[in-house]
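Novice: A single structure is presented below for examination.
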Amino acid sequence: MFSINPFTQKKLTRFRQIKRSYYSFILLSLLILLSCIAEVFVNSKALMVSYQGQWYFPTYTGVNVGEDFGLDYAYEVDYRVLAQTFSEEDQGNWVLMPPVPWNAFEQDFDGVNYPPNPPSWQDSHYLGTDVLGRDVVARLVYGFRIAIWFALLTLTLCYSIGVVIGCLMGYMGGKFDLLMQRGIEIWSMVPFLYVIMILVSIIQPSFFLFVLINVMFGWMGITWYMRTLTYKEKAREYVQAARAQGAGLWRIILKHILPNTMVMIVTLAPFGVVANISALTALDYLGLGLMPPTPSWGDLLQQGKSNMDAYWIGASVVSAIVLVLTMVTFIGEGVREAFDPKKYTRYR
Amino acid sequence: MKTMTFLRASLKTGLGALLLSSLAQAAALPTNLNWTSGPDAPLFADKNAKQGGVYNLRLSTFPLTFRTIGPDSNGSFRPFLLDGQPGLLQMHPNTREYLPSLATEWAFDDDQKTVYFKLDKTARWSDGADISTADFEFLFEYMRSDNAKAPWYKDYYTNSITGITVYDEDTFALHSADRLPQDDLLARLGATPRPKHFYPNGLPKDFVKRFNWKAEPVTGPYVLGKVKKGKSIEFVKVKDWWGYNNPYYQNRYNVDRVRLKIIRDQDVAMKHFEKGSIDAFSMILPGVWHNQGKGPLYDKGFIEKSWLFNDTPQGATGVWLNLENPLMQDANVRKGIAYSINVDKMIETALFGDYVHLQSFGSGKGIYDHPNMKAKPFDPKLAAEYFSKAGYDTLGRDGIRVNAQGEPLVLVMNYSWKAHSARTAVLREEAKKAGLDLQLNLVEGATGFKAALEKKHQAVFQGMGSGMKPAYWQYFHSANAKPQTNNFTNYQDPEMDKLIDAYDSEFNVEKKAELSHQIQEKIMACDCFIPTYSVPYTRLAHWRYVRLPDTLGVGLSTALADESGFEYGLFWLDDGMKKETLKAKKSGQSFPAVNRVEKHGAESL
């Protein structure tokens, strides 16, 4: 849709020059991509099982019951136990487990120590277990996946709505602008966190419903920026020219004005991600977020606060939050600096 | 003029006649009554208890009112205002016999509906006024008043307790609507009076608002003192409390003041406790007891842990399946579910092994409990068999069973407390082994209970309280198979109705127990109630200067040191020990760690 023009090229080069932002961007993108296939790294299902000459890849296939591997039960195989059994039997069967052989829901309970248990290499709980005996690494990883996708999805929806409405307000002006302005003012006076809490406690939403609830109150912020920018652009000659040639409303907004106001969206987006992650974590912390037992950072944070002695819970989740939010903020800073028009002007 | 005097005179005589007639009626106390003052039961308070001291506790929210009736009054604060106050009788917390309290003597009428009471002449309200029959008469006016906005009480004091007959200052009779066995009759009629002199003109129209922050005088040892709204509440001991004339009240309610600090957050409250600004901390929840109730303060003996396995009746806690739901109508599905709920693992992991697997519909009710009823164990193989019989015979890609139409086997279970997430999460993971997708749906707090009353659930994970005897009518009678009742399973069965009606009207204890057993058998055969656990204990962490009796508590203790309301008041504060403890804390000295576990009645076993 938009070919990279030399200006944008310059901005990207500039972004690449800001090292900490660039590396944060690479690292975070990598993390997000990896989190999509987290099942390969953090999972109670084996990556690969070789049993009587046959190979199984349980990660993404249907469930294998114990009877498939000569065991006496008809529910899903415990691959960790299977691995041990095979190596003890020594009949050429083997199991390849992921680096963290736990999923985010199962509770490890050895009958002696009550969770939370401290980090242990022997049990492959590299960051220990939470108060329910679930692996902290697994909770963190899957919690991250949910949080970041929640943030990105919410952001995309919010910005889609906000940008369209903002542009329309700016471009059409007049009564539409006036009415929308007042409408948004009233809507944004609603204390959004409280409303979300009330809604959540009544309807107990799923992931997507939760995203929608957040979008309901999150789309207003960007409208103001887009409205002002569009007002400014509208008066420019190229818009006049497009109009003179008979371009319609949507064409002008999408093809002519939007590319020229993109800078606002790009610079604000990373901070939007930060805000959304924080909102989800805060709501989960208060117990008003996603349904338990969904893995969530807020829940871990709450556990960490209640169990100060179990330092590994609080420490891991706080580090994770700080790390991710810092990275996103670095990216945001880099983008802002790269897109800063002052950089290319002589009035510095 | 003449007519006026005549009128007045006739009015006077009329009034006199009225008075006379009511007196004449009042004088008709039956003469053949068999007055009793209860058995000669053993005392249960500790004779070594010391008097005095200020006792600090934590309250998680400031109460919404100081009224004991009307909107918002039935909260967690009411046990401090009302529930522990002496009524006509008290129950012996070990033998469960009725003992004198406000009434020194009582007698049963042959109609099995009426009990006569004689009041303790020394009984006084906390403001010094005499407690008389007038206060019991007023009780009815109070409870029935529309201004109190308490329809339940109005109904109860109209249709269950039907009225009072006054004989003199200290003698009266209360009437029950139904014929009841003697113990049940005393349980129903053992009322607590309300102070007539506090409401000289009855309950005003704006009672709910005007008396929202005015506490009534009480019959008990503690009266509301200084209140800082939103911050703290203090209770002060009544001077020369009348109750100490009664031997069963001696050596109880020992502290002079009880201070309740409002600390919302449990973790913050814990820090206050560890600093010593709170003296005792209830630790019934396993996570708190095992994970938070430890550390140097405990190892050095500054804070002691006391755990009493009491003898309180346990209500029905379990998974209630809604029989109205199409899936739940299949008996094989219900059986399968019963075999796929892994209660033992839940208790072992999420509850640190502290709770007890409930085997039937409630427990701790003596002969009314079924002696050899057993809950279905966790058995994924058997569960799978039953699910297969119900048509769910193939395993889907995700390990969940599906039927021929490709519908997965899903059970949505509501629960209403976030702290239960840990427990239900275990059940969910274990149910997968039977191919059951047990989906958890947290509907918090009061909303959750309301949702259960609406009967829109498929299954609900919930516990109910219990009286001394099992109650079945509210849970399993077809009359209640409709919204807004406690029949959470929507159970309907004419045979069960007959049994329950027979149970409710049976006077003979053995026969009643036999009926109770039959009902429990039917409940368990239906598999619509899957029992989970009971909590047959209470426990407490407390600074070492909060002293408890050697037995820790009594059979019916739900709290060891009255930490959630005035109960038995058996603990005391040792001032000398407090000084010693504070000194030791400063100097780094330590005491032996104390971790006491007692089982009530263990000596007699």
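The values are calculated or read from the model by the stated rules, or taken from the named source; none is laboratory data. Bear in mind the structure is a predicted one, so any value in this text is a computation, not a measurement. Every residue, glycine as well, gets a Cβ built from its backbone with ideal geometry; the counts of neighbours run over all protein chains shown.
Novice: Can you tell me which residue is farthest from the other protein chains (Cβ to nearest Cβ) among those in the stretch A:87-113 that are over 30 Å from A:Pro292 (Cα atoms) and without any contact (Cβ under 8 Å) to a residue 12 or more places away in the chain?
Specialist: The qualifying residue farthest from the other protein chains (Cβ to nearest Cβ) is A:Asp90.
Novice: Is it fair to say B:Lys469 is modelled with pLDDT under 90 and more than 20 Å from B:Trp417 (Cα to Cα)?
Specialist: It is true that B:Lys469 is modelled with pLDDT under 90 and more than 20 Å from B:Trp417 (Cα to Cα).
Novice: Pick from A:Ile203, A:Ile198: which is out of contact with any helix residue (DSSP H, G or I) (no Cβ under 9 Å at 6 or more places or on another chain) and within 14 Å of another protein chain (Cβ to nearest Cβ)?
Specialist: A:Ile198
Novice: Select from the stretch A:103-119 the residues that are small (Gly, Ala, Ser) and under 28 Å from the mean Cα position of the chain (by Cα) and list them in ascending order.
Specialist: A:Ala104, the sole residue that qualifies.
Novice: Looking at the structure I just gave you, is B:Ala331 out of contact with any Gly (no Cβ under 9 Å at 6 or more places or on another chain) and either within 30 Å of B:Phe591 (Cβ to Cβ) or not aromatic (Phe, Trp, Tyr) (or both)?
Specialist: So B:Ala331 passes the test.
Novice: Anything in the stretch A:295-319 that is in a loop (DSSP other than H, G, I, E, B) and within 10 Å of chain B (Cβ to nearest Cβ)? List them, or say none.
Specialist: Listed by number, the residues that qualify are A:Asn307, A:Met308, A:Asp309, A:Ala310.
Novice: Something else now. Determine, yes or no, whether B:Lys456 is part of a helix (DSSP H, G or I) and either within 12 Å of another protein chain (Cβ to nearest Cβ) or at pLDDT below 90 (or both).
Specialist: No.
Novice: Please verify whether A:Ala138 is assigned to a loop (DSSP other than H, G, I, E, B) and within 14 Å of chain B (Cβ to nearest Cβ), treating the condition exactly as stated.
Specialist: no
Novice: Right, another one. Here are the criteria: (1) touching a residue at least 60 places away in the same chain (Cβ under 8 Å); (2) surrounded by fewer than 22 Cβ atoms within 10 Å (Cβ to Cβ). Tell me which single one B:Ser101 does not satisfy.
Specialist: If we test B:Ser101 against (1) touching a residue at least 60 places away in the same chain (Cβ under 8 Å); (2) surrounded by fewer than 22 Cβ atoms within 10 Å (Cβ to Cβ), just (2) comes out false.
Novice: Select from the stretch B:357-379 the residues that are part of a loop (DSSP other than H, G, I, E, B) and surrounded by fewer than 16 Cβ atoms within 10 Å (Cβ to Cβ) and write down the one among them that is farthest from the chain's Cα centre (by Cα).
Specialist: If we filter the stretch B:357-379 for residues that are part of a loop (DSSP other than H, G, I, E, B), which is where we start, we get B:358-362, B:364-365, B:369-379.
Within this subset, residues satisfying the condition of being surrounded by fewer than 16 Cβ atoms within 10 Å (Cβ to Cβ) are B:371-372, B:374, B:377.
Details: B:Pro371: 25, B:Asn372: 27, B:Lys374: 26, B:Pro377: 30 Å.
Ranking the candidates gives B:Pro377 first.
Novice: So, one more: Being more than 26 Å from the chain's Cα centre (by Cα) and within 14 Å of another protein chain (Cβ to nearest Cβ), is that true of even one residue in the stretch B:219-233?
Specialist: no
Novice: Across the stretch B:222-240, what is the total count of residues that are in contact with a strand residue (DSSP E or B) (Cβ under 8 Å, 6 or more places away or on another chain) and among the charged types (D, E, K, R)?
Specialist: 4
Novice: Could you grab me the full set of residues in the stretch B:505-516 that are out of contact with any helix residue (DSSP H, G or I) (no Cβ under 6 Å at 6 or more places or on another chain) and either acidic (Asp, Glu) or modelled with pLDDT of 95 or more (or both)?
Specialist: Across the stretch B:505-516, the qualifying residues are B:Glu510, B:Glu514.
Novice: Right, next: Can you tell me how many residues in the stretch B:87-117 are under 17 Å from B:Tyr568 (Cβ atoms) and acidic (Asp, Glu)?
Specialist: 1
Novice: Quick one: count up the residues across the stretch B:174-218 that are among the β-branched types (Val, Ile, Thr) and over 22 Å from the mean Cα position of the chain (by Cα).
Specialist: 1
Novice: Another one. Taking the options B:Ala331, B:Ala350, name whichever one is surrounded by 23 or more Cβ atoms within 10 Å (Cβ to Cβ) and either touching a residue at least 12 places away in the same chain (Cβ under 8 Å) or among the hydrophobic types (A, V, I, L, M, F, W, C) (or both).
Specialist: B:Ala350
Novice: Out of everything in the stretch B:138-153 that is buried (at least 18 other Cβ atoms within 10 Å of the Cβ) and not hydroxyl-bearing (Ser, Thr, Tyr), what residue ends up being farthest from the chain's Cα centre (by Cα)?
Specialist: Going through the qualifying residues, I end up with B:Phe138.
Novice: Let me ask something additional. Between B:Glu141, B:Glu137, which is touching a residue at least 40 places away in the same chain (Cβ under 8 Å) and in contact with a Leu (Cβ under 9 Å, 6 or more places away or on another chain)?
Specialist: From the options B:Glu141, B:Glu137, the qualifying one is B:Glu141.
Novice: Identify, please: which residue in the stretch B:411-433 is facing chain A (nearest Cβ under 7 Å) and not charged (D, E, K, R) and is, among those, surrounded by the fewest Cβ atoms within 10 Å (Cβ to Cβ)?
Specialist: B:Ser421
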